[in-house]
Each structure stands twice: as C-alpha cells, then as structure tokens.
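Reviewing the structure listed below.
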Amino acid sequence: MNYPYQIKSYEQYKADYKKSIEQPEAFWAEIATHFTWRKKWDKVLEWNFTEPKIEWFKGGKLNITENCIDRHLATMGDKPAIIWEPNNPEERVRIVTYNRLHKRVCQFAQVLLNNGVKKGDRVCIYMGMVPELAYAVLGCARIGAIHSVIFGGFSAQSIADRLDDAQAEFIVTCDGAYRGEKVIPLKSVIDDALVGNKTIKRVIVYTRTRTPISMIKGRDVWWEDEMEYAEHQVEKDGIVSLPAVEMDAEDPLFILYTSGSTGKPKGVVHSTAGYMIWTNYTFINTFQYNKGDVHFCTADIGWITGHSYIVYGPLSAGATSLMFEGIPTYPDAGRFWDIVEKHKVNILYTAPTAIRSLMSFGLVPLGGKDLSSLKILGTVGEPINEEAWHWYDENVGKKKCPIVDTWWQTETGGCLITNLAGVTPAKPSWATLPMPGVQPILVDEKGEEVTEKDENGVIKGNLCIKAPWPSILRTTYGDHERCRTNYFATYPNLYFTGDGALKDEEGFYRITGRVDDVLNVSGHRIGTAEVENALNMHSGIVESAVVGYPHDIKGQGIYAFVICNHFHGGEEQTRKDILQTITRVIGAIAKPDKIQFVNGLPKTRSGKIMRRILRKIAEGETGSIGDTSTLLDPNIVDDIVQGRL
C-alpha cells in the first residue's frame, strides 16, 4: 500500500466513513500524524456554524511547502513533480523534478522577500499555465504570503475589483500567454487594471510570449533578472535552502474569488492545515493514486480545481502532476489523446464541457491513439450527463477505467461527494457517496430534512452539509458577514451549497444544479447579478434579466432578456456591442449565448422580476409557465414568448 490512509475496499470505506462521523477528531488526528508539523496541534476541531467559526488542528504549526516539497526530497528528489506540456506540441516539454521544484520555489520566495513581500501580504497572480505559476503559488506559501490567483480570461475591470477587495500590494504576471492560436496580452490587461490603483507596489513579469509590453520604472521588474539575483542568495556550495516560515494551522493560505448571487465577487479564504490534509486525502482516495502514476488534471490553476488537484493535492502526495498550457482542440481535437499517449498518463481528470466538446468531433481524433496507460478517468465542475459519461467510458476508457464523478466547490476546497475509483460503486451521472467526514442532508425551503421519496424511490431537496470537513472555507476576505449570510444563514446550523440534489435508495447523490441565482457555465460559476450589472453599463440598456438554459456543450448557457431604448446600428450591431461590454467588464467567459430584446420584464406589483417565468421561456417550456395573474402586466409574458430566440 502506498499510503496508510488509502481506502482499498467498499467495506473499508463504510468503516472509515462511520468512524469519521462518530469520532471525527480521532479519525482526522490519525491522518494528520502522517504530515510534517513544526508543532503538534492542541485541539483537532472546534466549530460552530452560527458565527461561523471553524478551527481545525488548533495550535498546530507547519508550512505547507515543507509537506509538498521538502519531505519528498530524500527519497524522491529526482522524480518528476511536474511535467509541463506546452501549448505548441513542437515546443520542448519541461520535466520539473522535486529537487528542481524545491530550488525554484526557494528562489522565487527569495524574489518576493527582496521585493518587500511579508507574511500575510496579498499577492495577486495572473499568469498563463506555465510551471512558473506553480513556483509563484508555492513561493508565496513558503514565506506566508497569501496568494490570490486570477484566471487569465478575466478582464481588467474584474482584476481591478479583485485587487481592490484583497488590498493586494504585489502582482506576478507574464508578458502574455498562449491559448490555442491566440496570444493573450496579460501584462497589458494588468496595466489597464492598475489605472487609478493606489496599493500595488510591485509587478513581477515573466517572459513567455515576447509580446511587446510597457515596463514602468520603479514598479515593474523582470522575473528572469530577479530570479538570477535570488539564485546566489539561496544556493551555497550546491545546497539550496530558504527556511519556510512557520504558519499557524488556521493562517490563511490563499484567497480565490468566486461569483455569488450578488454582483460583487467574493474572496473565499482557505486555511493552511485543513486544506492541505483534505486535498491530500481526497486526491489519494478519489483517484486511488499509486506512487509513480502520472496524473493529468486539465483545469487551469486560476480555478480551485487547479489549486487542489494540480498543485497542492498531488504535490503533498509526492505525485507526478501533468500541467498543460493549451486547449483540448489545438492544434486539433486529438490533443488530449496525444498528451495521454506521449506521457503515458494514468489518471485523466477533466470537465464534462470538454468531454461534450470533444464528442462533437466524433471518433476520428481518437483514431490510432494509444490510451492503454489510462487507469482512471474523472470529471469535475458540473454534473455530467449520461450520454457524455458513456462516451467517455467507451471511447476513452475502453470500459476498463473507473470514472470518478466528483462534486465539490471553490468553498469546499476539494471533493465532497464522489465515488472512489474502482473501490466504491459508480453510477452514470451520479456523484454517489460522500467522502469520509462529509455529512450531506437534503432539506426543503423551510430547512426541514426531506425524507419522502417519489415514485422512483428518490428524495429531492436542497443540498446542505451538517458539520465541517477540514477544508471548508473559513471566511470571505474582509467581509465575514457575507460568508455567514451566503453559506450559513439560509438554513440554521447547516452549510448551504446552493445546489439541489437527489438521493436514491442506495444513499447515492446526484447533483441537479444551482437553486440560487448562480449559473454554472462550462464548470465556471457566474452570478446572474454580475452579468446583469455589466449589461446595464451599456448605454442603450434600460434594464436586463439573466437566466440559465440547457446548452449542449457548456451544460448551461446564458440567456439575457434586455430592454433597450437605443439600437445603434441596428439590433445585430447592438448585440455585438453588448457582448463587447460584457467582455470588457467581466471577461469573455460571461458573454450571453442569447440576447433577446424585450419591451418589458415580467414583474410582480412590488417590482420583483419573476425569473422563474423567464427561465421557463429560455428553456422552451412555454406551455408550463404557470399562473401569471399576480404580475403587474401579464401580457408582457406573451410578447416575450413570441420573441423567443
């Protein structure tokens, strides 16, 4: 056995689950002993969901980078930690061993120190998918700085909002990033974001694309120059060392911004010890990781999936993590399969959106590709539909690879409900069973547990969790009240996920999607209010309402109903202008798929927009709209139905 706490049978899962619920402190204390601590904890768990206040391994002292890097050096220093596959398949692959990772992380930690970064400072990272992104993340963690990675698809305005919220003083970026055939001008986006900014002291720029950029004297410095200088500081007589800063178990590790049901993004804060232990435990058990396996998570590190299952989970387990700079369809739709064959990938973890997109190209891109190294497949980001599940199973896994259907969120830090590969049962499009330590409950609108089954023996309700697991979010940065109201106030003494779910007679869970005003587009959460705020910035728009609707590739598409008082250049040109506004304010990921111009919106007499009606129209269910008599003007609904796109 590779890991002493790896679950190897369904019976062991049941026994471990039982112990984790009945004796959570004893259960997690036993697992925590397998990590490197500077000082052991005083108390395993103290919590209440009222404030909320959650503390795991209270009083414990550690540094997460010692657990992700240093402790592996004696036995695995020459083993690959990161395999980097560039956007262009002709470019050289980089293999970063644990020894090299240690050196580069120490070097970059020294760069941060040289530039005035201290423990607790917020460092914003806006980079492409290059190994230097991992060095930056771990370099921050080594000195106790709080990293906040921003996905490379966000606009300057979105970045400016996040910088302001985090009160960040430092930025790490690239001149540009490759993404398929495109070059994304990251540094110029950062420059736009910094117009009027008063807090940023330093911008560190890594050279990737040779895109011409503006370097501001006194503020902007080159990564390469800084690293060269730092190399002499951390390496003496061939020995690399930069002491890791001692952190408290509950010290913040990072902030990651996520869309909420209101327009302002919220900064989810994860702590050091609990997050480390949960990502390690779930990585090893969900994927049944064996030492030497190559794990390929296709996510971007700008999202939580990349944090947990490209960086922290795999590296804390001494795994080999494959990091891909490009997209699945460049230079053609066989790219994932080329990577699997080239690097003999054992575990492939990707999103249902990517699977559905690749399905649309048929089986030709898979032709002649050797996928025999694959042992385990996984999906993440949104519920997977049965058709995509079977396609993945038959054509990629050749019906020999278990598929783990993982459900979790930015706020949860790692997988909460999933089958364990080949150990616990799988059921197409069902996430199945909770991880040890996770106590799901389905409640109705009043917060009372739903126990009544429908004609299929299934219980349906809003998904909540009864007790904390180690990597539950601790707060939303700078606004603890927002954390309380978003997650803990809807149903007293429960964590509310915002998702609906089904539970079958075997106790398996199936996630049915969001029940709040948040959309799940290609696995990315986008708040309807955030999109509406951006729409309403367009000069011709009087009012707007946004809902989700089923989309063949993305899972959920964005449908915007817009009242417009001025069509500059006609309706089609106005649509293009509106999309440009969204791209400028949020980023291209939030662009509506459909924009319907309407004369009015269905409102109650008190002025509330009835999104339920708009959702039915967007979904094409115009025959089941229901009672409209309470609306201020019921005729509006007929007009909207007539104009449906």
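All of the numbers you see were taken from the coordinates with simple rules; none came from a lab. Quantities reported herein were computed from a predicted structural model and do not represent experimental measurements. Glycine gets a Cβ as well: all are built from the backbone with ideal geometry, and neighbour counts include every protein chain shown.
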_Theoretical gain in end-to-end length, Asn290 to Asn635 [0.36 nm per residue, Cα-Cα removed]_ = 118.0 nm
_Asp164/Glu228 FRET efficiency (R0 25 Å; Cβ-Cβ; nearest 0.05)_ = 0.15
*Setting aside same-chain residues fewer than 8 positions from Lys399, which aspartates and glutamates have a Cα under 19 Å from its Cα?*
Glu341, Asp370, Glu386, Glu387
*Please arrange Glu250, Glu382, Glu224 by counting, for each residue, the other beta carbons lying within 10 Å of its beta carbon, fewest first.*
Glu224, Glu250, Glu382
*Provide the convex hull volume over Cα atoms per residue for the stretch 66-245, in Å³.*
116 Å³
_10 Å binning of all Cα-Cα separations within the stretch 324-448, expressed as whole percents from 0 upward_ = 12, 41, 31, 11, 4, 0
*Short version: ³J(HN,Hα) in whole Hz for each residue of the stretch 307-318, in order, from phi by Karplus 6.51 cos²θ - 1.76 cosθ + 1.60 (θ = phi - 60°), x for Gly and Pro, what are they?*
4, 7, 10, 10, 9, 5, x, x, 5, 5, 8, x
*Where does each of Glu532, Glu449 land when they are ranked from fewest to most other beta-carbon atoms within 10 angstrom?*
Glu449, Glu532
*asked:* With unit charges on the beta carbons (Lys and Arg positive, Asp and Glu negative) and the dipole taken about the Cα centre of the stretch 66-245, which residue among Val195, Leu242, Tyr98 sits farthest to the positive side?
replied: Leu242
_Treating only the Cβ of Lys, Arg, Asp and Glu as charged (+1, +1, -1, -1), what charge dipole size does the stretch 202-297 show about its Cα centre? Round to the nearest 20 debye._
620 debye
*asked:* For the ranges 282-289, 545-552, what's the packing order if you count other beta-carbon atoms within 10 Å of each residue, average per peptide, and put the highest first?
replied: 282-289, 545-552
_Charges at C-beta only: +1 for Lys and Arg, -1 for Asp and Glu. How large is the resulting dipole of the stretch 518-642 about its Cα centre, in Debye rounded to 20?_
380 debye
*asked:* Assuming 0.36 nm per residue, please report the length gained on full extension of the stretch Lys201 to Lys398 beyond their Cα-Cα distance.
replied: 65.6 nm
*Considering only DSSP states other than H, G, I, E and B, which trypsin sites (Lys or Arg not before Pro) in the stretch 88-174 qualify as loop sites with at most 14 other Cβ atoms within 10 Å?*
Arg92, Lys118, Lys119
*Please identify every one of the chymotrypsin sites (Phe, Trp or Tyr not before Pro) in the stretch 385-454 that sits in a loop by DSSP and has no more than 15 other beta carbons within 10 Å of its own beta carbon.*
none
*By its C-alpha gyration tensor, with a ≥ b ≥ c as the square roots of the eigenvalues, how is the stretch 400-514 shaped: rounded for a/c under 1.5, else prolate for a/b larger than b/c, else oblate?*
oblate
*asked:* For Val294, what residues show an amide H to amide H distance below 5 Å, using hydrogens built from the backbone and excluding near sequence neighbours?
replied: Asn346, Ile347
*asked:* What lysines does Lys446 reach when the alpha-carbon gap must be under 28 Å and sequence neighbours fewer than 8 apart in one chain are set aside?
replied: Lys53, Lys264, Lys266, Lys460, Lys466, Lys503, Lys603, Lys608, Lys616
*Once you have the Cα-Cα distance between Asp332 and Asn88, take 0.36 nm times their residue separation minus that, and quote the gain in nm to one decimal.*
86.7 nm
*Please state, rounded to one decimal and in Å, the Kirkwood hydrodynamic radius that the chain gives when every pair of distinct Cα atoms enters the mean of 1/r.*
25.6 Å
_Translational D in µm²/s for the stretch 195-247 (Stokes-Einstein at 4 °C, 1.567 mPa s, Kirkwood Rh from C-alpha pairs)_ = 93 µm²/s
*Using the per-residue mean of other Cβ atoms lying within 10 Å as a proxy for protection, in what order, highest first, do the peptides 73-83, 465-475 fall?*
465-475, 73-83
*Among Trp47, Trp303, which comes first, then next, by fewest other beta-carbon atoms within 10 Å?*
Trp47, Trp303
*Take the Cα pairs of the stretch 558-620, get the Kirkwood Rh, then feed it into Stokes-Einstein at 25 °C and 0.890 mPa s and tell me D in µm²/s.*
189 µm²/s
_Cα pair count fraction exceeding 24 Å, expressed as % - the stretch 1-105_ = 50 percent
*Rg and Dmax [Cα atoms of the stretch 235-346; Å; Rg one decimal, Dmax integer]*: 17.2, 55
_Percent antiparallel among DSSP beta bridges (both partners in the chain, rounded to 5)_ = 60 percent
_Ignoring everything except DSSP H segments at least 4 long, calculate the 222 nm mean residue ellipticity for the chain; use -39,500 (n - 2.57) per segment, divide by total residues, nearest 500._
-8000 deg cm²/dmol
*Could you point to the residue in Leu363, Gly478, Phe488 farthest towards the positive end of the chain's charge dipole, with +1 and -1 charges on the Cβ of Lys/Arg and Asp/Glu respectively?*
Gly478
*asked:* Need one number: % antiparallel among DSSP beta bridges in the stretch 66-245, to the nearest 5.
replied: 35 percent
_Spin-label model distance (nm) - Glu46 vs Lys58, 7 Å beyond Cα toward Cβ_ = 0.2 nm
*With a Förster radius of 45 Å, plug the Cβ-Cβ distance of Ala26 and Met215 into 1/(1 + (r/R0)^6) and report the FRET value to the nearest 0.05.*
0.20
*State the Kirkwood hydrodynamic radius of the stretch 518-642 in Å, one decimal place, computed from all pairs of distinct Cα atoms.*
14.8 Å
